Amino acid sequence: MNGADETGRPREQRGGPVVRRRGQIQPSTTDQRLLDTAGPSDWVHQDPWRVMRIQSEFVEGFGTLAELGPAISVFGSARTPRESPEYEAGVRIGRALAEAGFTVITGGGPGAMEAANRGANEAGGVSVGLGIELPFEQGLNEYVDIGVNFRYFFVRKMMFVKYASGFVVLPGGMGTLDELFEAITLVQTRKVTRFPIVLFGTEYWRGLVDWLRDTLVAGGKAGPQDLELFHVTDDVDETIALVTKEISTPDRPAEHGLPKEPS
């Protein structure tokens, strides 16, 4: 009753690397709980099991995406209408990236993500969608060739950065801003190097850029050089040149400046 054995030492239960004593001893073994199909199921919602789920998402993502080759992640709003100029720009960017030899990675949803996947798909390139489990299920758009669905945002964001060599950011909402500032922070802190970030749509991004310059930098919360961590443009060709200029593909040597105009 007091949790001690006949020698007076605390009773002990071992389960792999874990030692349990006294009141922490469990009434059944790991094997029993595994094989007892009639047992409680609340364990699937506990943190140790979540760690395994997280690990499995990393393994699945790494295994699926490791051999993609050079890739660019394209972000933007799921609410972008198909008939909008922003959607058309996304299609053109996806197509141009594929024609330049790059895989296109998006969040796999509708709107701007679908546009970039569509452009890559129609150009015969590789179109990747990294979906996320949400209360309002969207599913992967029809132009995705390789799709991976994630439960955890942080695992998904790792895949966007690990398997892409640059970001193109179309007009978007909270999720797009999250991904944008994640990328900027990684470059600013030198967690990643030579990682170009291009914001497409000068009018859309003007207010944000003005705030960064006139409030954040002016207030000493960031340095003037941090404004050089990204580029803003309205030109599709310039977008592709900026985001890919230091990246090589099998048919395209790396460049260290904007492509020269043909003579």
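The values are calculated or read from the model by the stated rules, or taken from the named source; none is laboratory data. Every value quoted in this text rests on a predicted model; they were computed, and no experiment measured them. Neighbour counts are summed over all protein chains in view; Cβ atoms, including those assigned to glycine, are modelled from backbone coordinates with ideal geometry. Only protein heavy atoms, including side chains, enter the accessible area calculation; ligands, DNA and RNA are left aside. Shrake-Rupley method; radii C 1.70, N 1.55, O 1.52, S 1.80 Å.
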For this session: Note down the relative contact order for the stretch 60-105 as a percent, whole number, built from C-alpha pairs under 8 angstrom at least six residues apart.
Result: 53
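Give me the percent of the accessible area of the stretch 91-181 that comes from carbon and sulfur atoms, probe 1.4 Å, all protein chains in place. Write down the numbers at each step before the final one.
Working: 1800 of 3440 Å².
Ligands and nucleic acids excluded, carbon and sulfur reach 52 percent.
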For this session: Treat each spin label as a single point 7 Å out from the Cα along the C-beta direction, and report the ILE54 to LYS221 distance in nm.
Result: 2.8
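Can you tell me how the stretch 56-149 classifies by the Cα gyration tensor, rounded, prolate or oblate, using a/c under 1.5 as the rounded cut?
Values: a/c = 2.42, a/b = 1.14, b/c = 2.11.
Oblate shape, in that a/c is at least 1.5 and b/c is the bigger or equal ratio.
I'd like the chymotrypsin sites (Phe, Trp or Tyr not before Pro) in the stretch 81-161 restricted to DSSP loop residues with at most 12 other Cβ atoms within 10 Å, sorted by number. Please report the intermediate quantities before stating the final value.
On the way: sites: TYR87, PHE102, PHE136, TYR143, PHE150, TYR152, PHE153, PHE154, PHE160; in loops: PHE102, PHE136, TYR143, TYR152.
Answer by residue number: PHE136.
Go through the stretch 165-215 and name the trypsin sites (Lys or Arg not before Pro) that are in a DSSP coil and have 13 or fewer other Cβ atoms within 10 Å of their Cβ. All intermediate terms of the calculation are to be shown ahead of the outcome.
Working: sites: ARG190, LYS191, ARG194, ARG206, ARG213; in loops: ARG190, LYS191, ARG194.
Hits after loop and neighbour filter: ARG190, LYS191, ARG194.
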Seminar exercise, completed: Sorted list, accessible surface of protein heavy atoms, 1.4 Å probe, largest first, for ARG95, ARG151 is ARG151, ARG95
Seminar exercise, completed: Distance in Å, no decimals, from the C-alpha centre of the stretch 197-222 to the one of the stretch 107-131 is 28
For this session: Compute the Cα gyration tensor for the stretch 184-245, then decide on rounded, prolate or oblate, letting a ≥ b ≥ c be the square roots of its eigenvalues: rounded whenever a/c is under 1.5, prolate when a/b is larger than b/c in the other cases, and oblate in all that remain.
Result: oblate
Problem set entry | Computed lengthening from LYS162 to ARG206, 0.36 nm per intervening residue step minus Cα-Cα distance | 13.0 nm
